[in-house]
Protein chains: 2
Amino acid sequence: MSGRVNDDFIKKEGDITSGPPSGRHPSGRLPYIHKVGKPPKQNLVKEIATTVKETFFSDDPFRSFKDQPKSKQFVLGVEAIFPIFNWARGYTLTKFRGDLIAGLTIASLCIPQDIGYAKLANLPAQNGLYSSFVPPLVYAFMGSSRDIAIGPVAVVSLLLGDLLQNEIDPKNVVPYQRLAFTATFFAGVTQLALGFFRLGFLIDFLSHAAIVGFMGGAAITIALQQLKGLLGIKTSQFTKKTDIVHVLRSVFHTAHHGWNWQTIVIGVSFLAFLLLTKYIGKRNKKYFWVPAIAPMISVIVSTFCVYITRADKDGVAIVSHIKKGINPSSAGDLFLTGEYLGKAFRIGVVAGIIALTEAIAIGRTFAAMKDYKIDGNKEMVALGSMNIIGSLTSCYVATGSFSRSAVNYMAGCHTAVSNIIMASVVFLTLELITPLFKYTPNAILASIIIAAVVGLLDFEAAILLWKIDKFDFAACMGAFFGVVFVSVEIGLLIAVALSFAKILLQVTRPRTALLGKISRTNVYRNIQQYPDAKQIPRILIVRIDSAIYFSNSNYIKERILRWLDDEEERIEEHGLPKIEHLIVEMSPVTDIDTSGIHALEELYRSLQKKEIQLALANPGTIVLEKLYEAKYSDLIGDSNIFLSVSDAVLTYAPKTSNIEEP
Amino acid sequence: MSGRVNDDFIKKEGDITSGPPSGRHPSGRLPYIHKVGKPPKQNLVKEIATTVKETFFSDDPFRSFKDQPKSKQFVLGVEAIFPIFNWARGYTLTKFRGDLIAGLTIASLCIPQDIGYAKLANLPAQNGLYSSFVPPLVYAFMGSSRDIAIGPVAVVSLLLGDLLQNEIDPKNVVPYQRLAFTATFFAGVTQLALGFFRLGFLIDFLSHAAIVGFMGGAAITIALQQLKGLLGIKTSQFTKKTDIVHVLRSVFHTAHHGWNWQTIVIGVSFLAFLLLTKYIGKRNKKYFWVPAIAPMISVIVSTFCVYITRADKDGVAIVSHIKKGINPSSAGDLFLTGEYLGKAFRIGVVAGIIALTEAIAIGRTFAAMKDYKIDGNKEMVALGSMNIIGSLTSCYVATGSFSRSAVNYMAGCHTAVSNIIMASVVFLTLELITPLFKYTPNAILASIIIAAVVGLLDFEAAILLWKIDKFDFAACMGAFFGVVFVSVEIGLLIAVALSFAKILLQVTRPRTALLGKISRTNVYRNIQQYPDAKQIPRILIVRIDSAIYFSNSNYIKERILRWLDDEEERIEEHGLPKIEHLIVEMSPVTDIDTSGIHALEELYRSLQKKEIQLALANPGTIVLEKLYEAKYSDLIGDSNIFLSVSDAVLTYAPKTSNIEEP
């Protein structure tokens, strides 16, 4: 049926298009010429305002404030900073049920992870737990993501530990901790500042490809670090470096005397168990909770085993002590003067940004799944405040954890309340049961971490990158090998550098294409993409696929002239009529600057020398305005600027049509 | 007449377009669907090869070598490196006449300038003349520009002098000179390397706007420096700094005792004379030679005056001594070890790149005027070799001079022979008449330099920038004030930084537009640009004006959803039918990466939630391939990818047509 209606419509459409000869052409061009005649003088203030808005307020955060009474605006303001006051009103018991279950699940997952991650950052175990208590609470009030699970994460812990130990030897616990808190403080400040000054878009400069590679590399590095705990190698015998070469060397050097078989037995067997549960959870989504509680179970079981067998006497390293009680204040511990201030700042900025990218990525992913919006900048403010407060309460950098957030989501959380539940559980743990962790073997923590970071190795993503974009793949691999073979910072550096290189390459070498007419339509398309698109004798049609800026204007000009040369060669060979018109399809040219206009002028001159007429088809408003400001339209003549390629061809058509039917 | 033929054609065209109902639609889509069916598997090697070619060999330098015998290829190779062997064959007496006149004119212009510019670089006068002897000769053999005039230039001299004196006090003449030669050597190496490795495009990253600002600022700074000579202030009393504040302060502090009225009389009167001749030359192009020879005349006259009046006894500073004889070798003077090596390298790189941008800009300008091509990379090789050889023969960085090249062009030069003529004149000067410069007052050199650099202040360009692109203008002003108020390097830094900032901004915040149907055509255009373009009920058409990359993918997704929200608000107000289809016009989307595809997937999902069907119109080859690789086409369905917007609308049309005629 639709087919029939279609045909009717097409007939009608057809008639319209052909129309009365005298009528169609003008009407086709009329709105255009009218437009061209006097491009609306652009108001400077307005113009700058729009640019600023699109750059910093592209998400139009104040929309809801529009035409509201002051009081209402105040409420909205508070709700904007503390979304909890917004969603709390609509909070129900059913929602709480979901949040409760989710909260308990992620708590059981986070406690053992926290202890391990704290070790990764060379910090005492309790700091890990602290970081799962205060920050989640703060986030629950300020954050706008409903699914994110807040706490320490593997990659940031590794990065932080790596950067910190370059400055202070972790053996000097107190100064090391102080530096960690100071760095956390500045990480928070960085995040807050980025959000407050609406610079959220800056993190978009870390390309997805680079992050995949970086995460993968970090996963390998972290896993390698765990060999120490898994094989029971003494810290004194183990390298400080994180690159694969050094680590493996010190692993093998310690092989014959440094390893401890009891540790290996415990570690490997539980690792196998954890990976198995992971596999089960993957295979069947409704068993997601199996891998979620497995770590806690293994901790309990192994601790119990060690306790009764007193394996620690046989050299099985154990946690031995976790400080009891909740977060002590660390406000006085920050380095606010002296040489460490600057170092802490540098480290904080790096760690803060990495933490951000992870949190924002998580937030966006789950927001898309449940179809609610997340204001990146507002998130940053929330995360920033959370880490600042954290740094004053003995926490180190916390952010959203991929693995736990996924569990949280699958456990059916509805709001950030699940984070509050988790925090409360951690609170109880700190107050009551930390002593029970005394006999927990480090090997378990190692295997838990390994099982956790395996998820960071995203092979599918890497393969997809390879398939889709070789350059992206290169960036990914660069970051990966940088982290694995050199160090975390270097890997990060490579990732950022390659991300930028790609942008610059894109801007310097835009694509251009020859267009041909697709038979029996008015449509002109790339003749390489549509082989049966026909070029029109005596007319060459080139499309520029990018804004024309100083960085590519010369290239574009020369590329077009080269298309012309090639074409003229071909024409000579086949003895076709020589080219008289060059039509430049400008639709994709979204903007142009002075260098671009210079290039177009030079193009025009070179064509004049060859007695070829230059014509522009469908330049956008901005481009048009600028061409007029620069008097370029006068140079090539208004009559040579067209609404569409087909209009341009129509105008130069007589010659064409004669050729077409000899 | 053409009008009539037009109409005929339009009728025909119209018929074709409407065509047989059954026929048009398929044939319109056929080539497309066929294409979509199996996008040509892209060959990796080929793909990478093309990228490399477009990036580094976009000008296809080896074209002429194709299918030629070995011997011929060798000849071509030599000619490629030494173009002189190419054009020398066709050299005629008439050409020589032009070159002779041009050569003599620029010689008379360059000799006084060289002496002055050498002072600007804190070098002995003869080094300036040396740099107008060897480098032009080398360039004549290797360069491909026919109009450029080689020698020392004001901006580079200033930059070099400024950078060098930060390292060594110019009073220590010998080490200072050695550092200058070493820097020149590395400047040459940089240029040669950039050309050899085909990295010429890198200089395109210095935007035209930034250069205009930088040059203007440099002009002011140079002019300010000349006040010293013009007012006869003793060097000891004059600041080393180049910023306007320090300079003016030390000018006024010396006002009551440091100035020398005789110097001022000479300097100011001749400055007036020079500016007058400049004005004459500008007013009437055929008197271009007046300003060209004026400097030489003023030198002769003033020198004579001072000689007879012995004004130097009354404190009129004079050149006093220029070493006689041509370039001595400086091969042994280069710092090839020690702390200065690195410093010289840094300075050389900066000076070399600035020199390049100036030379390339000149080359391109005049090449465009006379319609011959210039291979940027080959030019760089020529300029590089020229400066390397120069550095071994007591020259400092030489490049193309705007002012002298213009004179050269107007004097009717045909080939680089004019440079040879100039060099020979400089040779004779060095051999015979340098002693005559003994009594030349520095004030004259000062006024000559001021008169010369006035031309670097390009107000028209600045105004044009303001009119066309506010951001460009900002970059221009930034560079300008940076140079004038802080220092040359800072100005340069600002220029580069702003150039990059612009690129990044362009990539993060691309434009999007709502499209409407222009009545009685199949053409869909931005409704803001074409107010009478009609939107189609129940269909929203959005155009994305950029490649979709990680740096903008999130923004694009959110922007499109915002367009949708706004539209739905509008629709509610007017009680129009709700939107059922969202068509994304992909023509301008020249490329997409994995992040981009992720964004499209998220967009699709969000739309699904709103029960809106997503459709893509006219994605390019590369984009299509990637969408297929990523299985995105399966997600949204092949049938929702169209050849053009009008096709898409046609397909969803029945609903539309019903609405259109109630």
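One table, with the values for the structure above:
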read-out: Extension reserve of the A:L341-A:Q237 stretch, reckoned as 0.36 nm per residue once the Cα distance is removed; value: 34.3 nm
read-out: Global form of the range A:509-662, assessed from the alpha-carbon gyration tensor, a/c cut-off 1.5; value: prolate
read-out: Mean Cβ count within 10 Å, highest first, over the residues of peptides A:590-596, B:289-295; value: A:590-596, B:289-295
read-out: In Å², nearest 10: area of B:E568 left accessible to a 1.4 Å probe; value: 50 Å²
read-out: Protein accessible area in the range A:203-320, 1.4 Å probe - carbon and sulfur %; value: 70 percent
read-out: Theoretical FRET efficiency, 1/(1+(r/R0)^6), r = Cβ-Cβ of B:K53 and A:K578, R0 30 Å, to 0.05; value: 0.60
read-out: Rg to Rh quotient for the range A:279-358, alpha carbon positions, Kirkwood Rh; value: 1.17
read-out: Using a Förster distance of 45 Å, the FRET efficiency for A:S519-A:F459 (Cβ separation, nearest 0.05); value: 0.50
read-out: Share of carbon and sulfur in the accessible heavy-atom surface of the range B:510-652 [1.4 Å probe, %]; value: 48 percent
read-out: Orientation-averaged projected area, Cα convex hull of the range A:370-492 (nm²); value: 11.3 nm²
read-out: Folded to 0 to 90 degrees: helix B:442-453 orientation relative to chain B principal axis, Cα; value: 10 degrees
read-out: Percent RCO, i.e. relative contact order, over chain B, from Cα pairs under 8 Å lying at least 6 residues apart; value: 21 percent
read-out: For chain B, convex hull of alpha carbons as volume per residue, Å³; value: 233 Å³
read-out: Simple spin-label estimate for B:L248 and B:K370 in nanometres, 7 Å along Cα-Cβ; value: 4.4 nm
read-out: Closest Cβ on chain A to the rotation axis that carries it onto B (distance rounded to whole Å); value: A:P588, 2
read-out: Cβ neighbours within 10 Å from other chains - mean over B:295-302; value: 0
read-out: Computed E for B:V75/B:K324 - FRET, C-beta separation, R0 60 angstrom, nearest 0.05; value: 0.90
read-out: Anisotropy class of the range A:184-230 from Cα gyration tensor, a/c 1.5 cut; value: oblate
read-out: Rounded accessible area per residue of the protein assembly as shown, 1.4 Å, Å²; value: 40 Å²
read-out: Considering only chain B, percent of DSSP beta bridges that pair antiparallel, nearest 5; value: 45 percent
read-out: Peptide B:636-646 - average C-beta neighbours from other chains (10 Å radius); value: 1
read-out: Label spacing, shortest first and in nm, from B:C305 to its equivalents in the remaining copies (7 angstrom along Cα→Cβ); value: 10.3
read-out: With Cα atoms, 0 to 90° folded angle of helix A:154-165 axis to chain A main axis; value: 70 degrees
read-out: nm² value of the averaged projected area, convex hull over the Cα atoms of the range A:154-275; value: 9.8 nm²
read-out: A:T235 accessible area, assembled protein chains, probe 1.4 Å, Å²; value: 90 Å²
read-out: Nearest-first distances (nm) between copies at B:T92, label 7 Å from Cα via Cβ; value: 9.4
read-out: Computed label-point distance, nm, for sites B:F197 and A:L493 using a 7 Å Cα→Cβ extension; value: 1.7 nm
read-out: Probe 1.4 Å, all protein chains present, accessible-area order of A:T621, A:T277, largest first; value: A:T621, A:T277
read-out: Mean shadow area of the protein assembly as shown, taken as a quarter of the surface of its Cα convex hull (nm²); value: 59.4 nm²
read-out: Mean residue ellipticity (222 nm) of the protein assembly as shown, computed from DSSP H runs ≥ 4 via -39,500 (n - 2.57), nearest 500; value: -20500 deg cm²/dmol
read-out: Cβ neighbours within 10 Å from other chains - mean over A:497-510; value: 5
read-out: Sequence ranges B:453-459, A:406-412, A:125-131, ranked by mean other-Cβ count within 10 angstrom, highest first; value: A:125-131, A:406-412, B:453-459
read-out: Anisotropy class of the range B:342-388 from Cα gyration tensor, a/c 1.5 cut; value: prolate
read-out: Degrees separating the helix B:173-196 axis from the principal Cα axis of chain B, which is the longest one; value: 30 degrees
read-out: HN-Hα J in Hz across the range B:88-95 - Karplus 6.51, -1.76, 1.60, θ = phi - 60°, x for Gly and Pro; value: 4, 4, x, 7, 10, 5, 4, 4
read-out: Alpha-carbon spread of the range B:317-416, three principal axes, descending order, Å; value: 47, 35, 24
read-out: For the range A:217-326, alpha-carbon Rg over 2.2 N^0.38 Å; value: 1.21
read-out: Pairwise label distance in nanometres, A:E167 with B:D169, each label 7 Å out on the Cα-Cβ vector; value: 4.0 nm
read-out: Summed buried accessible surface, chains B and A, 1.4 Å probe, nearest 100 Å²; value: 10900 Å²
read-out: Distances in nm from A:H246 to the matching label points in the other copies, shortest first (labels 7 Å along Cα to Cβ); value: 4.4
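The values are calculated or read from the model by the stated rules, or taken from the named source; none is laboratory data. What you see is a predicted model; the values in this text were computed from it and never measured. Reconstructed Cβ throughout: ideal geometry from the backbone, glycine too, with neighbour counts over all protein chains shown. Areas reflect the complete protein model, heavy atoms only, side chains present, ligands, DNA and RNA absent. Shrake-Rupley method; radii C 1.70, N 1.55, O 1.52, S 1.80 Å.
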